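Working notes for the structure below.
The values are calculated or read from the model by the stated rules, or taken from the named source; none is laboratory data. The shown structure was predicted, so the numbers you read here are calculated from the model rather than taken from an experiment. Cβ coordinates were reconstructed from backbone atoms using ideal geometry, including for glycine residues, and neighbour counts include every protein chain displayed. Only protein heavy atoms, including side chains, enter the accessible area calculation; ligands, DNA and RNA are left aside. Shrake-Rupley method; radii C 1.70, N 1.55, O 1.52, S 1.80 Å.
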Amino acid sequence: MTTDLKALRGTLRARAEAGTDAEALLARIGPAYRRRRGRRVAVAASAVVAVGALVAMLVPRLLLGGYAPPAPPAVPIASPAASAIGADPQMVHFDVGQFPYRGMAVTWAVQDGAERLSMWGNVSKNEEFFLELTLAPQTYSPAPNPTGPPEAPQPPHTAPATVGGQPALVATGNGTTRVTWQPIGGVRAELSVRGPVAADKTLAFAGTVSLDRGHPCTPRLHPTVLPAGAQITGCSVVPDAGVGEYVIRGPGGTITVSMASGVFAYGISPGRYAGRPPTLANGWPYEELDTSASTQHLTAYIRVPDPYVTIRAQGTYGLPDVLLVGGGLQPS
């Protein structure tokens with residue numbers, strides 16, 4: 001369960017945070033604030049003690065001074081169940097709290113029965129981290145990805161721990177900390193963090209995982225027409241970036257629909273067509289791309305410049321199937 005860091009850098013997306021002018025706020029409060037301030041000191045001191053005790057109870061669920069990963073709008077989950085995890089390819093059934101370092105490229109995804117949060121960012125100017133959190137049924141076994149990067153070696157040092165009141169195992173080594181536990185019966189959670197992030201901070205972040213709220217996976221476009229017998233089996237979205245992807249599987253293989261923000265700046269290749277370029281059923285012009293140089297054994301590949309979409313087919317699916325799916329794309 002790894003992700004190509006170079007590809008993630010291509011989706012780098014920083015979120016700005018606005019500051020607060022405390023002096024201006026106090027100036028607006030006026031003299032009444034100053035007269036009442038003394039009477040509040042004793043009460044405030046008691047409140048600080050109470051809050052401190054509450055924080056001590058919540059740690060490691062609460063990380064002070066961290067950053068909440070960008071995410072699609074959260075929705076409540078009334079009764080978390082093991083059978084729901086990974087069952088809906090367009091719903092991530094968990095949420096997380098703050099991580100001590102800002103995520104620069106954050107992806108929420110569901111793929112073939114597993115739900116995943118991937119995040120890349122900087123610990124310092126010259127140091128990076130990569131985080132991957134996966135929730136899946138206890139019986140889940142990921143299929144090997146022959147086109148992906150090699151798996152990171154298993155960290156050699158292990159120790160027991162507790163996450164959310166549940167037994168956990170922490171493995172460290174080779175620049176990686178990996179935490180595994182069961183947030184609820186029948187669900188396996190694995191958090192892997194590569195880079196100079198302290199193991200206690202990784203363990204604390206694991207403690208923020210919540211299954212009582214989740215996030216829909218809703219890229220800006222949605223397939224409405226699929227080949228016979230095919231269904232959506234995967235979805236991913238990069239919040240605030242307009243980037244998303246659907247994976248469609250069926251008897252003929254796999255069709256992948258990838259969306260980027262805005263439009264493709266270069267449009268249809270000059271001279272590609274003698275007249276007007278062909279259009280999909282929804283009226284969008286498209287360009288057929290060459291598959292011969294692909295290492296993914298593509299059987300068809302098209303690009304829609306506006307909105308910027310690429311659709312690729314593998315297996316026995318061909319251009320007619322790609323055009324069918326592309327012609328049924330509609331705004332979400």
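Residues that are outside any loop (DSSP other than H, G, I, E, B) and open to solvent by 20 Å² or more (accessible area, probe 1.4 Å) within the range 221-252 comprise HIS222, GLN231, ILE232, THR233, SER236, VAL243, GLU245, ARG249, GLY250, listed in sequence order.
Just one residue in the set ARG303, ARG272 is among the basic types (Lys, Arg) and closer than 24 Å to GLN330 by Cβ; that residue is ARG303. Here the condition is being at positive phi and free of Cβ contacts under 8 Å to residues at least 24 places away in the same chain; of GLY253, GLY242, it holds for GLY242 alone.
Among the residues in the range 180-201, are any under 30 Å from ASP306 (Cβ atoms) and in contact (Cβ under 8 Å) with a residue 60 or more places away in the chain?
No, the range 180-201 contains no residue that is under 30 Å from ASP306 (Cβ atoms) and in contact (Cβ under 8 Å) with a residue 60 or more places away in the chain.
Across the range 82-119, the number of residues qualifying as open to solvent by 30 Å² or more (accessible area, probe 1.4 Å), in a strand (DSSP E or B) and at pLDDT below 95 comes to 2.
Let's see how each residue does on (1) part of a loop (DSSP other than H, G, I, E, B); (2) in contact (Cβ under 8 Å) with a residue 40 or more places away in the chain; (3) open to solvent by 80 Å² or more (accessible area, probe 1.4 Å); (4) of a type in the set (A, V, I, L, M, F, W, C):
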site: GLY262; (1), (2), (3), (4): yes, yes, no, no
site: TYR273; (1), (2), (3), (4): yes, no, no, no
site: PRO277; (1), (2), (3), (4): yes, no, no, no
site: ASN282; (1), (2), (3), (4): yes, yes, no, no
site: SER294; (1), (2), (3), (4): yes, no, no, no
site: ARG303; (1), (2), (3), (4): no, no, no, no
site: TYR317; (1), (2), (3), (4): yes, yes, no, no
site: PRO320; (1), (2), (3), (4): no, no, yes, no
site: GLN330; (1), (2), (3), (4): no, yes, yes, no
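Results for (1) open to solvent by 10 Å² or more (accessible area, probe 1.4 Å); (2) among the acidic types (Asp, Glu); (3) not in a loop (DSSP other than H, G, I, E, B), shown as yes or no for each residue.
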{"site": "THR180", "(1), (2), (3)": "yes, no, yes"}
{"site": "PRO183", "(1), (2), (3)": "yes, no, no"}
{"site": "LEU191", "(1), (2), (3)": "no, no, yes"}
{"site": "VAL197", "(1), (2), (3)": "yes, no, no"}
{"site": "LYS201", "(1), (2), (3)": "yes, no, yes"}
{"site": "THR218", "(1), (2), (3)": "yes, no, no"}
